[in-house]
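A.B. asks: One structure, as structure tokens, below. Some questions next.
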């Protein structure tokens, strides 16, 4: 039985037990539980003074720093719900979310403020707001309900716009207090953006158990920096997306030594990667996870330890506490063991539904025919099977949503962005398997007349969507292939040739030639010229990490992934290298 009515109540109890223990640290700055509680109280009073009331959204656009837990805890103490915006999203997309939420109070920091902010209600720049210093350090004691909303997490929507999922205090508490977590005192590394659902684990599992939350330095993200953070900060638990976990397993599994538990998921998990990590780090637990914001985060888990032997797949495990899993056919009847069916999830951990979208909520949260009156189950859209050991084995998505670099993407939203470009008659987006095992989006475009400037089309899409939602390739076709019954024939779509969309210009120096070769090897393309952009050639974050490490190793320099974002072409990066070398 739940003994707390809210997240902030559970945190206050923990702060009272361990007031002088370090709660959070980032870049050499740390706060004890008492200091975190008092800072959050002051900001909470400030928010209340600005009119924040129970279940009012408070938007957040923050870099990873100690201001993140302060801002979130303050919002909850004021009675509000926190609504994280993604730093990598275009301003247009963030503005749509702000408008959809009623232009709430926005919490930013100096860095995001300088970059440019969406328009909203009142603005607080948390690291320069002097008004907080005059507020009381005592808890405002705003009443809270266990079934009140704690956060709204926006994700890609199938109707062409982002959709928010409203997660309750009960849902977050059940995730954080699940019996699968191995006791108190863990030091958890926060790597995910705040707008990524797994941040719920990274924030609340340590802070509600008396542990230590370590926020990774913004922008510093490669295997070398991961190794340093784990070693220097004595990290004992972290989450890596399935793609990043695979890269770590292939290139530096020993960097996880000292970690007690690593969580992975968000896509198909590599069984050989799991075996490799457990061979090199036999004391670690690799925990396969499955879930989504619609069930407050995680729904299943499967711990794997030393001695694990890679099979064909990595099952995502059994239901976590207070959840029931149903594998059903189209008539909502249970399927036999080993048969593929649609996964439905029931139990108290379910989110309230889609924020301000009752119609969509009714479509995905359906009556639980196996439970009591009034109970619901969430239709995941995922297809799974039950193994002989009673574990859930993920097969794939049944609908139009795919996982790209750990993010859930509704292809309809990408298609909408393509269709709004002048001259586009029809647009279809599909997910294709890449050579590195990840998925990438391919955009097929039919022009109304004449030709379409692909580079301009890509730039248009980048203004509307985050980088991970921009197709890796754009294929111009004369018409959409159809089946005899008039539906899109996806199998008849031509295979993309992911190459450069600019004219080839040969390297002009030995270093440029080396860079071109590295680009081509990492990206898996035949030829790269010095004007070719890493991202226009379908470059993704995992590839970026490999490329930067290779450049640093071969050329004896020290570049960060951020340098590649600032200088994405070979020629640009060559000029950056010249500055570093000089």
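The values are calculated or read from the model by the stated rules, or taken from the named source; none is laboratory data. Because the structure is predicted, anything quoted here is derived from the model rather than measured. Ideal geometry is used to build each Cβ from the backbone, glycine not excepted, and the neighbour counts take in all protein chains shown.
A.B. asks: Just give me the residues in the range 277-286 being part of a strand (DSSP E or B) and either crowded, with 22+ Cβ neighbours inside 10 Å or without any contact (Cβ under 8 Å) to a residue 12 or more places away in the chain (or both), in sequence order.
C.D. replies: 286
Residues checked against (1) surrounded by 23 or more Cβ atoms within 10 Å (Cβ to Cβ); (2) more than 25 Å from residue 191 (Cα to Cα); (3) outside the structural domain of residue 463 (by TED's automatic domain parsing); (4) in contact with a strand residue (DSSP E or B) (Cβ under 7 Å, 6 or more places away or on another chain):
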residue	(1), (2), (3), (4)
71	yes, no, yes, yes
110	no, no, yes, yes
113	no, no, yes, yes
129	no, yes, yes, no
139	no, yes, yes, no
143	no, yes, yes, no
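A.B. asks: While we're here: Please work out if residue 71 is touching a residue at least 12 places away in the same chain (Cβ under 8 Å), under 20 Å from the mean Cα position of the chain (by Cα) and under 18 Å from residue 204 (Cβ atoms). Give the steps one after another, and end with the answer.
C.D. replies: On the way: touching a residue at least 12 places away in the same chain (Cβ under 8 Å): yes; under 20 Å from the mean Cα position of the chain (by Cα): yes; under 18 Å from residue 204 (Cβ atoms): yes.
So residue 71 passes the test.
A.B. asks: Give the residues of the range 445-454 that are surrounded by 13 or more Cβ atoms within 10 Å (Cβ to Cβ) and either free of Cβ contacts under 8 Å to residues at least 24 places away in the same chain or assigned to a helix (DSSP H, G or I) (or both), sorted by residue number.
C.D. replies: Answer for the range 445-454, where residues must be surrounded by 13 or more Cβ atoms within 10 Å (Cβ to Cβ) and either free of Cβ contacts under 8 Å to residues at least 24 places away in the same chain or assigned to a helix (DSSP H, G or I) (or both): just 454.
A.B. asks: Only one of these conditions is not met by residue 274: (1) buried (at least 22 other Cβ atoms within 10 Å of the Cβ); (2) not in a helix (DSSP H, G or I). Which number is it?
C.D. replies: Going through the list (1) buried (at least 22 other Cβ atoms within 10 Å of the Cβ); (2) not in a helix (DSSP H, G or I), residue 274 breaks only (2).
A.B. asks: Ok, one more. Quick check: anything in the range 195-213 within 18 Å of residue 86 (Cβ to Cβ), touching a strand residue (DSSP E or B) at 6+ places or on another chain (Cβ under 8 Å), without any contact (Cβ under 8 Å) to a residue 40 or more places away in the chain and buried (at least 20 other Cβ atoms within 10 Å of the Cβ)? Reasoning before the result, please.
C.D. replies: Initially, the range 195-213 is screened for residues within 18 Å of residue 86 (Cβ to Cβ), giving 195-203.
Going one step further and asking which of them are touching a strand residue (DSSP E or B) at 6+ places or on another chain (Cβ under 8 Å), we end up with 195-203.
When the remaining residues are screened for being without any contact (Cβ under 8 Å) to a residue 40 or more places away in the chain, the result is 202.
Filter once more, keeping what is buried (at least 20 other Cβ atoms within 10 Å of the Cβ): 202.
Yes, the conditions are met somewhere in the range 195-213.
A.B. asks: Moving on to the next point. Scan the range 296-342 residue by residue and report those that are part of a strand (DSSP E or B), in contact with a helix residue (DSSP H, G or I) (Cβ under 8 Å, 6 or more places away or on another chain) and free of Cβ contacts under 8 Å to residues at least 40 places away in the same chain.
C.D. replies: At the first step, the residues of the range 296-342 found to be part of a strand (DSSP E or B) are 297-304, 317-319, 323-328, 334, 341-342.
Those still in the list that are in contact with a helix residue (DSSP H, G or I) (Cβ under 8 Å, 6 or more places away or on another chain) too: 297-298, 304, 323.
Listed by number, the residues that qualify are 304, 323.
A.B. asks: Could you grab me the full set of residues in the range 184-223 that are within 25 Å of residue 294 (Cβ to Cβ) and part of a helix (DSSP H, G or I)?
C.D. replies: Answer for the range 184-223, where residues must be within 25 Å of residue 294 (Cβ to Cβ) and part of a helix (DSSP H, G or I): 199, 200, 201, 202, 203, 204, 205, 206, 207.
A.B. asks: What number of residues within the range 21-33 are surrounded by fewer than 20 Cβ atoms within 10 Å (Cβ to Cβ) and within 15 Å of residue 206 (Cα to Cα)?
C.D. replies: Going through the range 21-33 one residue at a time, the tally reaches 5.
A.B. asks: Being farther than 30 Å from residue 428 by Cβ and either touching a helix residue (DSSP H, G or I) at 6+ places or on another chain (Cβ under 6 Å) or without any contact (Cβ under 8 Å) to a residue 24 or more places away in the chain (or both) narrows it down to one of 237, 150, so name that one.
C.D. replies: 150
So that you can scan it fast, the table gives a plain yes or no per residue for (1) over 22 Å from the mean Cα position of the chain (by Cα); (2) farther than 29 Å from residue 350 by Cα:
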position: 47; (1), (2): yes, no
position: 65; (1), (2): no, yes
position: 78; (1), (2): yes, no
position: 104; (1), (2): yes, no
position: 120; (1), (2): yes, yes
position: 129; (1), (2): yes, yes
position: 138; (1), (2): yes, yes
